[in-house]
Amino acid sequence: MQVKDNTFLITGAASGLGAATAERLVAAGGRVVLCDLSDAVDAHAERLGDAARAVRGDVTSGDDIQAAVAAAVALGDGRLAGVVHCAGVVSVAKLVDREGNPADLEAYNRTIQINLVGTFNVMRLAAAAMAKNTPSEDGERGVIINTASIAAMDGQVGQCAYSASKAGVVGMSLPAARELSRHGVRVMAIAPGVFETPMMSEIPDEAAQALAAAVPFPKRLGKPDEYARLAEQIITNPMLNGEVIRLDGGIRMQ
Ligand SMILES: NC(=O)c1ccc[n+]([C@@H]2O[C@H](COP(=O)([O-])OP(=O)(O)OC[C@H]3O[C@@H](n4cnc5c(N)ncnc54)[C@H](O)[C@@H]3O)[C@@H](O)[C@H]2O)c1
């Protein structure tokens, strides 16, 4: 799937990994619909120019994501070529806190709803639109890139909700790729390590330095464009399918 002259839906596109992906795909000649809950998405789309549109929306809402998919289909003259799904939230809560209180069940549900159910929602609506595309010469109709996390495999204390939500994203990759193969739609997931984004800016400097030091090489946090470069490679390389790629400089959390 080439980026040039194709149209992509990017969720979580107001910030961090999604914003960088939108920028890279536009630089490569693609068109993008930027979907995010945050109104910062409007300014980012404006910065990217005529090849970009903003749609405010919540990834857990069927109506919102249907509207974002419709906007992408319209921008692509009837054809949505791919989705890069970056919207997500991080959460930290112990099962039992210092005072002996159990974790809040609503907070757990919220993380699962946004990160896991939101991913399923985006996949189902984008896949239904892409299945209608005329296939390319090699039968390809579209590509879905989801965002997991190394926390799916190496979850830390307090990450029961976040790790479970991302492990669910990992778990859906292969069955979704197998199912959508008959439509010529590939499904991949990227599992980032620790990246320099607003999501990570909340952690104290000391903790960020310790995380950077724990990366075998390069000894630093990832840059959003490094995620975007992998997303671009996945879009353009048709043999990448049904797999989760760790993008983490070799870090393995204790
Ligand atoms: N930054 C990291 O180190 C890191 C590591 C591993 C995985 N990830 C994952 O990468 C993805 C992107 O993270 P980021 O670092 O760019 O974070 P970020 O906070 O910079 O961006 C996330 C974006 O998602 C949007 N969003 C949140 N909930 C939404 C919803 N319900 N509907 C629509 N939009 C919503 C936010 O408004 C925000 O713009 C997330 O899924 C995150 O879990 C990030």
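The values are calculated or read from the model by the stated rules, or taken from the named source; none is laboratory data. Bear in mind the structure is a predicted one, so any value in this text is a computation, not a measurement. We place every Cβ from the backbone using ideal geometry, glycine too, and count neighbours over all the protein chains shown.
So the values come out like this:
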item: Conditions (1) at pLDDT below 95; (2) among the charged types (D, E, K, R); (3) in contact with a helix residue (DSSP H, G or I) (Cβ under 9 Å, 6 or more places away or on another chain): number failed by residue 56; result: (1)
item: Filter result for residue 109 (polar (S, T, N, Q) and within 14 Å of the ligand (Cβ to nearest atom)); result: yes
item: Lone qualifier among 94, 166 - being more than 29 Å from residue 78 (Cα to Cα), in a loop (DSSP other than H, G, I, E, B), at pLDDT 95 or above and among the basic types (Lys, Arg); result: 94
item: The stretch 34-79: number of residues that are in contact with a strand residue (DSSP E or B) (Cβ under 6 Å, 6 or more places away or on another chain) and either assigned to a loop (DSSP other than H, G, I, E, B) or more than 13 Å from the ligand (Cβ to nearest atom) (or both); result: 9
item: Cβ pairs under 7 Å, 6+ apart, first in the stretch 117-139 and touching a residue at least 60 places away in the same chain (Cβ under 8 Å) and within 24 Å of residue 239 (Cβ to Cβ), second hydroxyl-bearing (Ser, Thr, Tyr) and buried (at least 21 other Cβ atoms within 10 Å of the Cβ); result: 122/11
item: Options 151, 167: the member that is within 9 Å of the ligand (Cβ to nearest atom), within 18 Å of the chain's Cα centre (by Cα) and not hydroxyl-bearing (Ser, Thr, Tyr); result: 151
item: Qualifying residue in the stretch 221-234 (condition: among the basic types (Lys, Arg), over 30 Å from residue 181 (Cα atoms), surrounded by fewer than 19 Cβ atoms within 10 Å (Cβ to Cβ) and within 16 Å of the chain's Cα centre (by Cα)); result: yes
